[in-house]
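Worksheet for the structure shown next.
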Amino acid sequence: MAAAAAPVGAVCSFSPRECRFFAISSSDGRLRVWETASSRLQHEYVPSAHLSAACTCLAWAPPGGRQPPNKVQDGPQRKKRKSEAAEVDRQLDILAVGTAVGSILLYSTVKGELQSKLDGGHDSRVNCVRWHQDTCCLYSCSEDKHIVEWNTQTCKVKCKWKGDNSSVTSLCISPDGKMLLSAGRTIKLWDLETKEVYRHFTGHATSVSSLTFTTVKPMNENKPFDGITGLYFLSGAIHDRLLSVWQVRSDRKEKNAVMSFTVTDEPIFIDLTVSEVKEEPVKLAVVCRDGQLHLFEHILNGYCKKPLTSNCTIQIATPGNDGDSTPKPVPILAAAFCSDKQSLLLVYGNSLQPIIEKVSLNTMESHICLIRDIQKVLSLKTDVALTKVKTPVVNSDTKVLVPGIPGHSTTVKTPASGKEKKKNKRKPGETGESIEERLEALDIDVSKVKTPGGLPQTDSFAVLLVQGLESNDAEILNRVLNTRKDNVIKNTVSRMPIHAVIPLLHELTKRLQGNPYSASLMVRWLKSVFTIHASYLSTLPDLIPQLGMLYQLMESRVKTLQKLSRLHGRLFILVTQVAASEAVQDVTEMNQAAKLVYEDESSEEEGSDDEMIADKESDENWDEDEEKEEQSDEQDMTVEKEINGDSDLEPENESEEE
């Protein structure tokens, strides 16, 4: 019995029926199902939204687990014939396909069409899908931190709960079907009835990519078995070269791995034979990202301190051509144990047209290198043979137009016949034409190719850019990328070939990490690339890892923008205050006394002043008049006395007279 774990590198999976079929999703978004016995393409499915909803995970329905929908009959049922049972058995080959937009497709390999679509459960990328062994339920996990239980009969969500504080990346169902393993970075064991956590495990430093049980029965047969306690399961993580083995124990204290297997690179595909007997060792096949296959064989009997190394390593290489005798490695995509557990199914080559081969196991040798000539195997064979080949009759005056060098003014001559070729062959005693004569025969007008000032044109900029990216020539790249004209940058990016877009983005990302002056120039190129080639970039399934470095670089700089803005504002305030205080100190003291004072008097004030002056003058005149009147009265009295004969007599005389 073979149990395949969730793949990481290539999205692929073997069918559970003796690995009769192999499903793989290539980079072009197509789902292909190959027959392993004959290496023949059985089905090819192109989703309607394969460019935007790339396939992220695959899972075959278990044998006999899923019943065909809409075939429920009432009343007594007759016993089915063998042919009918085989037909129903073939109809159970359902393939669940998780997509990057959160939907799950159920593809029927018998009908060769999409059977149903599960929507409404996830809002983000589906990381893993797993079928239940006994019911028609399907479990899925996603980047939205949730686990969803689907009813494939009604295509609706049966239950949904939060699986972790971060994204849930892998799932695995226990052999008895009552427990569910889920993993993000930590591993949790859930009770499927109550949806509560039964056990916690430490997990890995990075996201877990694969989970699978390695035993179906506990090694200690003396204790009663509750269906889960005592079982071992295996886990692998991305960017981790250790596969950890965990044991479900009755006590909750032990949360660490009991043993580990070491490999040469990150595991991308895992397959194993489940141990059913205590003395039977577990056989493990691990395909790494570097294209090697590691085979392990070990009896799970408790704690092991040191990591276990592989018993055998398998590699595939080409024999080497006559011109180049150096063999080249061929990457292994997947591997699975056959039903006899003594042979392996190897899938190697590329994902568009993989090669499937059955190899017998020989773990006596520590390293095996298989020599395979891929060119012969992948040579295309035409089904219809060409019986007649008719050569068109070409006159001597006919001109053939072919792509050439700018400024090439001569016409291309028609190919000569066989007799003329024999005549034109140089004899041993004759001298051939010199290189100068051959160049003159080409008649290339160099003045038409040159541009004023000697600067290359925009079309040659695109050629130079591609040459610089392919040869990694810093001088050519500096000459092109240091351009400041937006029009030249836009035309260059629009005329460059598609295959050079990703290398250009990598080069721009590397230069963005350098001098800030060069970063300001690289931003203009990034803007043009994302504007012009956005449709091509959106079709790449591995766009996120390709642009991960650029995204992290931009995000780190954007995070510091707010802090820098605050610091700039504070420094600006400080600088302006210092400048203002220095300006105040430099100003000399001014004389505060006024040189000229002008008072604008109103008419009312003038009138009051005139009245005061008139009153003073009238008072003075009045006093003078009174004095004059007194003097005039005295004079009148004296005159009257003189007239009357009265004079001033002495007092004595006056008394005498009396």
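The values are calculated or read from the model by the stated rules, or taken from the named source; none is laboratory data. Quick caveat, the model's predicted, so the values are computed rather than measured. Ideal geometry is used to build each Cβ from the backbone, glycine not excepted, and the neighbour counts take in all protein chains shown. Ligands, DNA and RNA are stripped out before the accessible areas are found, and what is left, the full protein with its side chains, is counted by its heavy atoms. Shrake-Rupley method; radii C 1.70, N 1.55, O 1.52, S 1.80 Å.
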For the range 190-197, does any single residue satisfy the condition of being among the β-branched types (Val, Ile, Thr), in a strand (DSSP E or B) and surrounded by fewer than 16 Cβ atoms within 10 Å (Cβ to Cβ)? yes
Among the numbered conditions (1) touching a Leu at 6+ places or on another chain (Cβ under 8 Å); (2) of a type in the set (Lys, Arg); (3) buried (at least 16 other Cβ atoms within 10 Å of the Cβ), tell me where Lys117 comes up short. (3)
Can you pull out the residues in the range 477-489 that are surrounded by fewer than 18 Cβ atoms within 10 Å (Cβ to Cβ) and assigned to a helix (DSSP H, G or I)? Asn478, Arg479, Asp486, Asn487, Val488
I need every pair where a residue in the range 557-568 that is farther than 15 Å from Leu512 by Cβ and surrounded by 10 or more Cβ atoms within 10 Å (Cβ to Cβ) has its Cβ under 6 Å from the Cβ of a residue that is at pLDDT 80 or above and of a type in the set (Lys, Arg), sequence separation at least 6 or different chains. none
So, in the range 233-266, how many residues would count as being assigned to a strand (DSSP E or B), open to solvent by 10 Å² or more (accessible area, probe 1.4 Å) and touching a Phe, Trp or Tyr at 6+ places or on another chain (Cβ under 9 Å)? 4
Would you point out the residue of the range 312-348, among those that are in a loop (DSSP other than H, G, I, E, B), in contact (Cβ under 8 Å) with a residue 12 or more places away in the chain and over 37 Å from the mean Cα position of the chain (by Cα), that is farthest from His298 (Cα to Cα)? Pro319
Qualifying positions in the range 267-282 - modelled with pLDDT of 90 or more and open to solvent by 10 Å² or more (accessible area, probe 1.4 Å): Ile268
Within the range 349-374, the count of residues that are open to solvent by 40 Å² or more (accessible area, probe 1.4 Å) and in a strand (DSSP E or B) comes to 6
Before we move on, is Gln552 surrounded by fewer than 16 Cβ atoms within 10 Å (Cβ to Cβ) and within 25 Å of Arg125 (Cα to Cα)? yes
Among the numbered criteria (1) aliphatic (A, V, I, L, M); (2) modelled with pLDDT under 75; (3) open to solvent by less than 20 Å² (accessible area, probe 1.4 Å), which one does Leu58 miss? (2)
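Condition check ((1) touching a Lys or Arg at 6+ places or on another chain (Cβ under 9 Å); (2) open to solvent by 10 Å² or more (accessible area, probe 1.4 Å); (3) without any contact (Cβ under 8 Å) to a residue 24 or more places away in the chain; (4) not aliphatic (A, V, I, L, M)) across all residues:
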{"residue": "His146", "(1), (2), (3), (4)": "yes, yes, no, yes"}
{"residue": "Cys155", "(1), (2), (3), (4)": "yes, yes, no, yes"}
{"residue": "Cys159", "(1), (2), (3), (4)": "yes, yes, no, yes"}
{"residue": "Gly163", "(1), (2), (3), (4)": "yes, no, no, yes"}
{"residue": "Ser167", "(1), (2), (3), (4)": "yes, yes, no, yes"}
{"residue": "Ile173", "(1), (2), (3), (4)": "yes, yes, no, no"}
{"residue": "Lys178", "(1), (2), (3), (4)": "no, yes, no, yes"}
{"residue": "Ser182", "(1), (2), (3), (4)": "yes, no, no, yes"}
Kindly indicate which of Ile502, Ile498, Ile544 is closer than 25 Å to Asp473 by Cβ and open to solvent by 70 Å² or more (accessible area, probe 1.4 Å). Ile498
